[in-house]
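Data first, discussion second: the structure below is written as structure tokens.
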């Protein structure tokens, strides 16, 4: 009795699942095909998404593995460098310790040498300072003496310049006088030429006339005497021009340059 009702219940459920509800009994087969295609499209998209996610996870795993290998290699390289650096630091520490001890010894030696050198420098400075003080005092005395001599020399130079100016003025006057004498000589020469011409005319007249020879001889002698006087005068003037005029003597009260 129990089995029959169970069988009937299952049959009713299957009948309900396999059949359409009362409202959809009038649906056409095309509507059923549309629902089936929509369900299959959704399942294909889900498959694609799942495959894409799967391959993405695989790619991420591969990339992560490569990164891990690269980091491992770098880690090993850094460890090797750290070991090398540690060994170098230890050796450097030892060398620095040894160098520091040697440097302390050198510094102490150099300190002693520096003290000795400073002592010598102080001694030399004292000797040099005393010598320089003496030389500076002597130089000051020499400078004062030379300054006084310079003043005296300047005064002597001024006096000499004044005398030179006076002599220059006198020389200018002498030149003017010489020019006047030269003009007088030219005038005298012109007069001599005129007298000579007159004498020549007289001689010509005497030679042509042939009379009054005694009187003419006296006249000739008088003219010759006058000519000699004129010649003597010209000679004296030429001697005056040829003889240089004595310059005033320069007797400076003090020499321009004094030795010693």
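Residues 219, 246: which one is more than 30 Å from residue 153 (Cα to Cα) and either out of contact with any strand residue (DSSP E or B) (no Cβ under 9 Å at 6 or more places or on another chain) or modelled with pLDDT under 70 (or both)?
The conditions single out 219.
Which is closer than 20 Å to residue 234 by Cβ and surrounded by 10 or more Cβ atoms within 10 Å (Cβ to Cβ), of 181, 202?
That would be 181, the only listed residue that is closer than 20 Å to residue 234 by Cβ and surrounded by 10 or more Cβ atoms within 10 Å (Cβ to Cβ).
The values are calculated or read from the model by the stated rules, or taken from the named source; none is laboratory data. For clarity, every value in this text was computed on a predicted model and none was experimentally measured. We place every Cβ from the backbone using ideal geometry, glycine too, and count neighbours over all the protein chains shown.
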